[in-house]
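The values are calculated or read from the model by the stated rules, or taken from the named source; none is laboratory data. The structure displayed is predicted, hence computed values, not measured ones. Heads up, the Cβs are rebuilt from the backbone with ideal geometry, glycines too, and the neighbour counts pull from every protein chain shown. Calculation scope for accessible area: heavy atoms of the full protein, side chains included, ligands and nucleic acids excluded. Shrake-Rupley method; radii C 1.70, N 1.55, O 1.52, S 1.80 Å.
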Amino acid sequence: FDKNIISNVINHPAIRDMLTDDKSSKNMDIEVNPTVLYLTDEKEQGIIRIDALNGITGSVHIATIPEMKGRAYKFAEEAKEWVFKNTQYMKIVAMVPVFNNLTINLANRVGFKEEGILKKSFLKTALSLNSFLINHSNRI
């Protein structure tokens, strides 16, 4: 993966605020770790990070810059299919803060379902906010 592409997306001023809480650093660093996968679109305007939770479950994080408008659904759908086809994961999960309507709507469109609520799990403007725990299962 190209660290510069990923950094450009996750540190883009239009989306960085959606990805971070009050305690996050000014610039997000790219983690090099053999258990972390990164997928990007052909125009390098979106990334999906997949972290291993265990042998069958991956945690996914999506970030797309505004220039990807209209293409985020296709990117997310193709990435979801890639994960299920090319990894051992049978389930993918994400935690989405309740205020992040763009991600919630996108996740619903690609088939994620709410699994639960993580109470007071995201600090934004000094408020402890809930996050939705969402999932998509392919083989279980």
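The table below lists the values:
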quantity: Qualifying residue in the stretch 69-91 (condition: among the hydrophobic types (A, V, I, L, M, F, W, C), in contact (Cβ under 8 Å) with a residue 60 or more places away in the chain and out of contact with any strand residue (DSSP E or B) (no Cβ under 7 Å at 6 or more places or on another chain)); calculated: no
quantity: Within the stretch 25-47, considering residues that are under 17 Å from LYS69 (Cβ atoms) and not small (Gly, Ala, Ser), the one surrounded by the fewest Cβ atoms within 10 Å (Cβ to Cβ); calculated: GLU42
quantity: Of all residues in the stretch 116-140 being among the aliphatic types (A, V, I, L, M) and touching a residue at least 40 places away in the same chain (Cβ under 8 Å), the one that is least open to solvent (accessible area, probe 1.4 Å); calculated: ILE134
quantity: Criterion violated by PHE99 - all others in (1) assigned to a loop (DSSP other than H, G, I, E, B); (2) more than 26 Å from MET68 (Cα to Cα) satisfied; calculated: (2)
quantity: Complete set of residues in the stretch 3-24 that are open to solvent by less than 70 Å² (accessible area, probe 1.4 Å) and either more than 24 Å from ASN101 (Cβ to Cβ) or of a type in the set (Val, Ile, Thr) (or both); calculated: ILE5, ILE6, SER7, VAL9, ILE10, ILE15, THR20
